[in-house]
Amino acid sequence: DELIFLDLDARKNNRNPIIEIIRRASEEIFMPFTVGGGINNLKDFRLLLSNGADKISINTSAVENPGLIYNASQAYGNSTVVVSIDYSYENNGNALVYTNGGSKKTNLNPIEWAIECEKLGAGELLLCCIDLDGTCKGLDNEMTKKVVNSVSIPVITSGGCGLASHFSEGFINGCADAVSA
């Protein structure tokens, strides 16, 4: 009952937010949708929201400039600010947040970063396990549950759905507020 448009290569290809696609989609689609990829500042938020987006998802820009989370939530309300947290597991089992479409490792722990994002004003979190994304092997329900138990804002889990049962497991085992595929 909601769509998420993410341009994962926007930053790598130095591409602006996908305004024309959003404008055309908002004329045809009558359900809420979130847009992410290449959003760098409040101007990008305003442009996307004025062209039909309901929520804006940020990842790299949130990590590089956490103040953007706060400023966007103050300007447009926290319900419009979705922080995307892409993470991958190291060989030692520790999870770390990644930016730039999953190509740049940070030193951030996904749970600690989720808590900080909520403090800064994020209204939702979009959690994606890079290791499972596209595998159709199921979600990382263990990490999802840890994040859900650490914050009071909605958590959308993604990365790994391949069967209908993966969706229900995301809700039941991961305690997610929503599941994305």
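Values as computed for the structure displayed
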| item | result |
| --- | --- |
| Carbon/sulfur fraction of accessible area - segment 53-181, other protein chains in place, 1.4 Å, % | 47 |
| Relative contact order [Cα under 8 Å, 6+ residues apart], the chain, whole percent | 15 |
| For segment 134-163 and segment 18-34, distance of Cα centres in Å | 26 |
| Given Lys12/Lys119; Lys12/Lys43; Lys43/Lys137; Lys12/Lys146; Lys55/Lys104, the pairs whose alpha carbons are separated by over 27 Å | Lys12/Lys119; Lys43/Lys137; Lys12/Lys146 |
| The chain, accessible area per residue, ligands and nucleic acids excluded (1.4 Å, Å²) | 50 |
| Dipole magnitude of segment 39-118, debye to nearest 20 (Cβ charges: Lys/Arg +1, Asp/Glu -1, about Cα centre) | 260 |
| Hz values of 3J(HN,Hα) by residue in segment 78-90 - Karplus curve (6.51, -1.76, 1.60), Gly and Pro given as x | 5, 5, 8, 9, 10, 9, 8, 10, 8, 9, 9, 8, 7 |
| Segment 92-181 shape via C-alpha gyration tensor axes, a/c threshold 1.5 | oblate |
| Cubic angstrom per residue, convex hull over Cα atoms of the chain | 109 |
| Listed residue (Ile21, Thr135, Ala181) projecting farthest to the positive dipole end of the chain, Cβ model | Ile21 |
| The chain, dipole about Cα centre (Lys/Arg Cβ +1, Asp/Glu Cβ -1), debye to the nearest 20 | 420 |
| DSSP bridge orientation in the chain - percent antiparallel, rounded to nearest 5 | 20 |
| Check: segment 124-181 dipole with +1 on Lys, Arg Cβ and -1 on Asp, Glu Cβ, in debye | 80 |
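The values are calculated or read from the model by the stated rules, or taken from the named source; none is laboratory data. In this text, all values refer to a predicted model and were calculated from it rather than measured experimentally. So basically every Cβ, Gly included, is an ideal-geometry build from the backbone, and we count neighbours across all protein chains shown. Note: accessible area is taken over every heavy atom of the protein model, side chains too, but ligands, DNA and RNA are not part of it. Shrake-Rupley method; radii C 1.70, N 1.55, O 1.52, S 1.80 Å.
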